[in-house]
1. Can you work out which of the residues in the range 325-366 that are part of a loop (DSSP other than H, G, I, E, B) and either touching a Lys or Arg at 6+ places or on another chain (Cβ under 8 Å) or within 30 Å of residue 142 (Cα to Cα) (or both) is modelled with the highest pLDDT?
2. How many of the residues in the range 295-313 are crowded, with 17+ Cβ neighbours inside 10 Å and in a strand (DSSP E or B)?
3. For residue 153, indicate whether it is hydroxyl-bearing (Ser, Thr, Tyr), in a strand (DSSP E or B) and not assigned by TED's automatic domain parsing to the domain that holds residue 275.
4. Among the residues of the range 272-294, count how many are surrounded by fewer than 16 Cβ atoms within 10 Å (Cβ to Cβ) and among the acidic types (Asp, Glu).
5. Listed residues 147, 211, 206, 154; which is under 30 Å from residue 296 (Cα atoms) and of a type outside the set (Gly, Ala, Ser)?
6. Quick check on residue 199: is it free of Cβ contacts under 8 Å to residues at least 60 places away in the same chain and either in a strand (DSSP E or B) or not assigned by TED's automatic domain parsing to the domain that holds residue 62 (or both)?
7. Taking the options 187, 199, 177, name whichever one is surrounded by 13 or more Cβ atoms within 10 Å (Cβ to Cβ) and at pLDDT below 85.
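The values are calculated or read from the model by the stated rules, or taken from the named source; none is laboratory data. The shown structure was predicted, so the numbers you read here are calculated from the model rather than taken from an experiment. For neighbour counting, all protein chains shown are included, and Cβ atoms are generated from backbone atoms with ideal geometry for every residue, glycine included.
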Amino acid sequence: MAKRDYYEVLGIRKDASKDDIKKAYRKLAIKYHPDKNPGNKEAEERFKEATEAYEILSDDQKKAAYDQFGFAGVEGMGGGQQDYSSAFRDFGDLFGDFSGIFDTLFGGGSGGRYTSSGKSSGARRGANLRYDIEIPFKDAVFGSKVEIQYSRSEACPVCKGSGAAGGTSKKVCSTCGGAGQVRHSQGFFSVASTCPTCGGEGYNIEHPCKECGGAGTQKKRQKIIVTIPSGVENGRKVIIPQQGDTGLGGGPAGDLYVFIRIQAHEYFERQDADLFCAVPISISQAALGAEIHVATLDGKTAKVKIPPGSQNGKLIPIRDEGVPSGGRRGILYIKLIVQVPTKLSKRGKELLEELSRIEGEEHSPKPIPLNDLAGR
């Protein structure tokens, strides 16, 4: 099925509120949930499509990136994946109490965690992992690819993730019958608690795998390439789907969250899509005007015309030399720093003294109004 605009998927306007987004998704989730439409592939795809749209539009950061750049803006941020963690995290707000959502979607309560056939009905998603990375200023502006190494849990190669030694298998917990919970009656109420025998797993391992000690997973070092998008801001994260810890009981792997710190640059600063750098000029260049050549961040040279009478701190814009944003680039601002010579030759001193006499410099200057200073 061709990928559709997220707003079109949910049937909402771009200025829809968060409540409107939730309501639209709730309606579609109930209508197309696979358990309400068994064997209906189209309904399953519609459910995934709606959940993907909600995953993006319910997150302010992802929504802003999508509004500005479209699907390219949310690539690697969770869009298009079948995790939909934020959507499921919001189920309490979307559907009220959990009994209501299960009754609505499944027509009854949930079953146990482990069945008598030895197959887990409580697949668990693997844990998300965090990796902090520091990148050069230039890479943050123009984007780059970075190789990282980290440890993640993977299925044990000996027991294939079961945790049981070869020739044996997990046994359904005799205490909870595989439910992972036990119930206690308290007056008119029945209270569920984690099974004390299996710890909520629903099964017991009588003969643990010697390789992993029954855990079913092992820590492994992994190398991957992370794509840093151009224009990324300090503190932002790149999400690598299903590169976190492996899931248990057939559950999906978690995600890897790569948090980005940006190194300061020696000459350039950034504000949104604009760059700033300071360039020294002489008194004569400031007074008479000049044409200078300034190195840009990407290594090119830009010609800058200094108007006659330029004051210290004046900003001169160079368009399309800033940070890439929305298919365009911001502005590079050159800040002029007028340098007063600290050492003068005899002839230079004579010329400046002559200029002072010709121009009739004021020796009792009046203060400059603060409003006039604001524009300098």
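1. First, pick out the residues of the range 325-366 that are part of a loop (DSSP other than H, G, I, E, B): 326-327, 340-345, 360-366.
Now drop any that are not either touching a Lys or Arg at 6+ places or on another chain (Cβ under 8 Å) or within 30 Å of residue 142 (Cα to Cα) (or both), which leaves 326-327.
On the way: 326: 80, 327: 83.
So the residue we want is 327.
2. So the count comes out to 2.
3. On the way: hydroxyl-bearing (Ser, Thr, Tyr): yes; in a strand (DSSP E or B): yes; not assigned by TED's automatic domain parsing to the domain that holds residue 275: yes.
Yes, satisfied.
4. 2
5. Numbers: 211 fails: under 30 Å from residue 296 (Cα atoms); 206 fails: under 30 Å from residue 296 (Cα atoms); 154 fails: under 30 Å from residue 296 (Cα atoms).
Exactly one of 147, 211, 206, 154 is under 30 Å from residue 296 (Cα atoms) and of a type outside the set (Gly, Ala, Ser), namely 147.
6. On the way: free of Cβ contacts under 8 Å to residues at least 60 places away in the same chain: yes; either in a strand (DSSP E or B) or not assigned by TED's automatic domain parsing to the domain that holds residue 62 (or both): yes.
Criteria met by residue 199.
7. 177
Okay, residues lined up against (1) hydroxyl-bearing (Ser, Thr, Tyr); (2) in the same structural domain as residue 75 (by TED's automatic domain parsing); (3) closer than 22 Å to residue 72 by Cα:
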position	(1), (2), (3)
7	yes, yes, yes
12	no, yes, yes
22	no, yes, no
33	no, yes, no
38	no, yes, no
46	no, yes, yes
50	no, yes, yes
